[in-house]
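Input: a single structure, listed below in structure tokens.
The values are calculated or read from the model by the stated rules, or taken from the named source; none is laboratory data. Keep in mind the model is a prediction, meaning the values are calculated, not measured. Reconstructed Cβ throughout: ideal geometry from the backbone, glycine too, with neighbour counts over all protein chains shown. For the accessible areas, the whole protein counts, side chains as well, though only heavy atoms, and no ligand, DNA or RNA atoms are used. Shrake-Rupley method; radii C 1.70, N 1.55, O 1.52, S 1.80 Å.
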Amino acid sequence: KFFFFQAEDGIRDAQESRGLGDVYKRQSLFPAYALFLHEYFVKLPDTVINQANEIQAILKMLLGNGLDNIAFALFDSILELFSDIAPFIQSGWLVYLLGLLMTEYAGQTSEDRRARVNFIKGTMMFIFKLIIKYTSAAVFEVVYQAAPDLIKVFLVKEINFVRNYFKRPERRIMFMALTELLFANQLNSVLPPDVFALLLNALIENITNKLNPRATRFQEEEDELSKGKVGDVLSGMKSSFQRLTYCEPTKRKLLEQVDNEEQFFLLKLKEFYIANSSAINFSELITEPNQGPLDKMMSSLN
């Protein structure tokens, strides 16, 4: 049997628990508790189904107390357990996680910039990991039903994350996920045209912004803010996108082979342009400030 800690009224003595919902409220114990839960999920994956309500309460509590780094580490642990998206949906977990993120986002009132940066980064990366593991079409079919604000509000409002995030390995995951989202589906079948254009231009701007020293300093500031207080404690709990174990073999091989995410994106954009040049007015799709830099990037591929 396992031992948990009571959470109802603050600090209590350790005692045998009947479920995962008995969580210790003292925040210093949360990182160790997250590590414990991660190993618990690996050894007893049915726990995520059998004690879903208790685990969901833990995640909600972590996000509600500003412990986003720990919450998103557990998001990764849950994601790893579902090799296919169908049982992820049928279990109710995917709908719950997306809905929880959008509820937390809508309810954010804190002026704490660190908390905001952590939450936006964590949410973005979780979306990107979903796309990498499954397919954008399958993921966004659920998104439109369970969390439509993710498209209409979150991705549009927080587009600066895409424009200005340069740190690897997250940047590689971001480029590969958004490249899949933009170019692996029939045009407009997944994204509204305005969101499609916004994301496409944001990736182009990310490449040009990376060369800007001011953008690099901004990234360093954001990294410092996003470190939080528990990064070192969670270092033993490697993120699933770093291990790449959550992907099916074909996608994992592709992830391992792509060393230059910018070139990968540009090559897929070129293929997309060739296939759709007669149907799409690219001079209208690409904003004027991005057309010159994009022409130079594309010419470098020849």
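Rolling a 1.4 Å probe over the protein chains gives residue 85 an accessible area of about 20 Å².
Between residue 86 and residue 300, the FRET efficiency estimated from the beta carbon spacing at R0 = 45 angstrom works out to 0.60. FRET efficiency for the pair residue 260 and residue 159, taken as 1/(1 + (r/R0)^6) with r the Cβ-Cβ distance and R0 = 22 Å, rounds to 0.40. The simple Förster model, with R0 at 51 Å and r as the Cβ-Cβ distance, assigns residue 282 and residue 42 a FRET efficiency of 0.65. The charge dipole of region 72-198, taken about its Cα centre with unit charges on the Cβ of Lys, Arg, Asp and Glu (plus for the first two, minus for the last two), comes to roughly 520 debye.
With the simple model of a label 7 Å out from the Cα in the direction of the Cβ, residue 212 to residue 115 spans 2.9 nm. Taking all protein chains together and a 1.4 Å probe, the residues 119, 166 rank 166, 119 from largest to smallest accessible area.
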